[in-house]
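Contents: one structure, followed by commentary.
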Amino acid sequence: MNHVSVPNRKKTPDMNKLVKVYGDSLLRMCFLYLKDLHMAEDAVQDTFLKVYKSYMNFKGDCEEKTWITRISINVCKNYLRSSWWKRIDEAAVLENITVGNSTDTLQDEALLLEIMKLSPKYKEVILLFYYQSMKIREIAMILNIPENTVSVRLLRAREILKKKLKGWYYDE
């Protein structure tokens, strides 16, 4: 059964509802994308501002979540392209992302750090697939790439992570 969204032609969206439904998952995704909590919070605010301004233009040719996530990823990409971001010491930012010292936490931290070190094309498919629980079709729509490309990038990203995390998650 194909699900087709019907566009909401309200002049103004229910922003409280949108923030409640998508806010936390967008913040997690932006944080993993940008590696900085404050920038992630700014990116989420910018995302919702863009959603508010362009909600009437939402055609409903994809799920609302897909549309909002696409906006959020574009906001993150714009942040990463900014001249300010290019001056940041990425290694120092990654070192500041620690969450504790139990064995499970260390494994989770190792996984998170390796995901964040992936090139953008691999990192974004991992984040959308595993952290946003999106289907390959939705990811392809968000990134405007073929579904096969998404599948190949997921496969390659998993292979890279498997090599990097040997001993943490994989006992080969």
**Asked** Within the set of pairs 6+ apart or on separate chains, which have a first residue in segment 114-142 that is free of Cβ contacts under 8 Å to residues at least 60 places away in the same chain, a second that is open to solvent by less than 10 Å² (accessible area, probe 1.4 Å) and assigned to a loop (DSSP other than H, G, I, E, B), and C-beta atoms under 7 Å apart?
**Response** Glu114/Leu165
**Message:** If Trp84 satisfies all but one of (1) surrounded by fewer than 17 Cβ atoms within 10 Å (Cβ to Cβ); (2) part of a helix (DSSP H, G or I); (3) touching a helix residue (DSSP H, G or I) at 6+ places or on another chain (Cβ under 6 Å); (4) modelled with pLDDT under 90, what's the number of the condition it fails?
**Reply:** (3)
**Prompt:** Considering only segment 145-171, how many residues are touching a helix residue (DSSP H, G or I) at 6+ places or on another chain (Cβ under 8 Å), modelled with pLDDT under 90 and open to solvent by 30 Å² or more (accessible area, probe 1.4 Å)?
**Reply:** 4
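The values are calculated or read from the model by the stated rules, or taken from the named source; none is laboratory data. The structure displayed is predicted, hence computed values, not measured ones. Note that each Cβ is placed from the backbone with ideal geometry, even for glycine, and that neighbours are counted across all protein chains shown. Remember, those area values only see protein heavy atoms, side chains included, never the ligands or the DNA or RNA. Shrake-Rupley method; radii C 1.70, N 1.55, O 1.52, S 1.80 Å.
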